[in-house]
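Notes to accompany the following structure.
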2 protein chains.
Amino acid sequence: MKSLIIVAHGSRREASNQEVRAITGELQATLLQNFDRVACAFLELTEPGVSAQIDAEVAAGATQVTLFPYFLAAGSHVSQDLPELLAQAEQRHPQVAFVSQAHLGKLPGLVECIAQSLRAD
Amino acid sequence: MKSLIIVAHGSRREASNQEVRAITGELQATLLQNFDRVACAFLELTEPGVSAQIDAEVAAGATQVTLFPYFLAAGSHVSQDLPELLAQAEQRHPQVAFVSQAHLGKLPGLVECIAQSLRAD
């Protein structure tokens with residue numbers, strides 16, 4: 001069973017967290033054939049945390065968990081915090097395959113996606 | 001003459017600012033037919049600031065300046081700070097047409113862009 005976790009920073013501003021949940025819902029609908037479950041988790045300020053959500057996915061039967069960092073830049077959250085959480089999860093769940101995706105700012109299609117919206121002007 | 005300004009937050013981590021400059025360069029190459037000039041500017045911590053870059057575009061002859069907020073969430077930077085800077089710019093340059101784009105997190109194609117990269121797994 002394959003799970004995808006969209007990892008965001010988390011915000012005191014609830015509307016920002018809600019934007020992440022909305023994108024997560026849209027990805028779930030779009031990726032029905034690729035992932036059995038799609039959830040979001042947050043590094044700070046907002047629940048669920050990343051480790052808790054990983055454990056929830058494994059408890060639900062996930063044999064593969066993919067983490068997608070919903071971050072524009074590879075700051076310390078992406079380059080240090082998340083790999084640490086991933087290493088801990090691999091120790092807790094040695095039977096699960098973890099996949100770490102490139103962060104959003106590095107997606108190959110991002111420039112073209114932005115360009116398309118700007119060409120419409 | 002049309003100018004596009006990619007507006008990012010700005011970071012103490014120079015590599016993050018460099019990611020913004022790299023995306024700006026790629027957008028410039030991709031949007032050659034749509035914008036005569038493409039630059040980036042930052043709300044905090046990093047130069048050039050947004051107002052300074054707007055003034056530079058106008059000084060270079062821009063008659064239309066488009067602002068694209070390179071932000072995932074519509075926090076106070078996107079919903080308050082940037083509109084304030086835009087209103088000030090409109091007062092300084094009443095002869096220039098300013099266009100304010102939706103922020104990155106709200107781009108219609110973003111979900112599909114993310115989904116494509118995740119389907120590759």
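Structure data summary
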| item | result |
| --- | --- |
| Selection count where residues are in a helix (DSSP H, G or I), touching a residue at least 12 places away in the same chain (Cβ under 8 Å) and not aliphatic (A, V, I, L, M), scope the range B:93-121 | 2 |
| Per-region count, the range A:68-88, residues aliphatic (A, V, I, L, M) and away from every other protein chain (no Cβ under 14 Å) | 4 |
| Selected residue (criterion: farthest from the other protein chains (Cβ to nearest Cβ)) from residues of the range B:23-45 that are among the hydrophobic types (A, V, I, L, M, F, W, C) and over 13 Å from the mean Cα position of the chain (by Cα) | B:Leu45 |
| Enumeration of residues in the range B:48-61 that are within 10 Å of B:Ser3 (Cβ to Cβ) and surrounded by fewer than 23 Cβ atoms within 10 Å (Cβ to Cβ) | B:Gln53, B:Ala56, B:Val58, B:Ala60, B:Gly61 |
| Selected residue [in contact with a Ser or Thr (Cβ under 7 Å, 6 or more places away or on another chain) and more than 12 Å from chain A (Cβ to nearest Cβ)] from B:Val58, B:Val65, B:Val50, B:Val96 | B:Val96 |
| Residue among B:Leu104, B:Leu45, B:Leu86, B:Leu4 that alone is buried (at least 17 other Cβ atoms within 10 Å of the Cβ) and over 26 Å from A:Gly109 (Cβ atoms) | B:Leu86 |
| Any hit, the range A:86-95, residues being in contact with a strand residue (DSSP E or B) (Cβ under 7 Å, 6 or more places away or on another chain) and closer than 20 Å to A:Ile23 by Cα | no |
| Selection from the range B:89-101 of residues that are surrounded by 19 or more Cβ atoms within 10 Å (Cβ to Cβ) and modelled with pLDDT of 95 or more | B:Ala89 |
| All positions within the range A:5-35 that are in contact with a strand residue (DSSP E or B) (Cβ under 6 Å, 6 or more places away or on another chain) and closer than 19 Å to A:Leu85 by Cβ | A:Ile5, A:Ile6, A:Val7, A:Ala8, A:Gly10, A:Val20, A:Thr24 |
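The values are calculated or read from the model by the stated rules, or taken from the named source; none is laboratory data. Since we're looking at a predicted model, the values are computed, not measured. Virtual Cβ from ideal backbone geometry, glycine too; neighbours counted across all protein chains shown.
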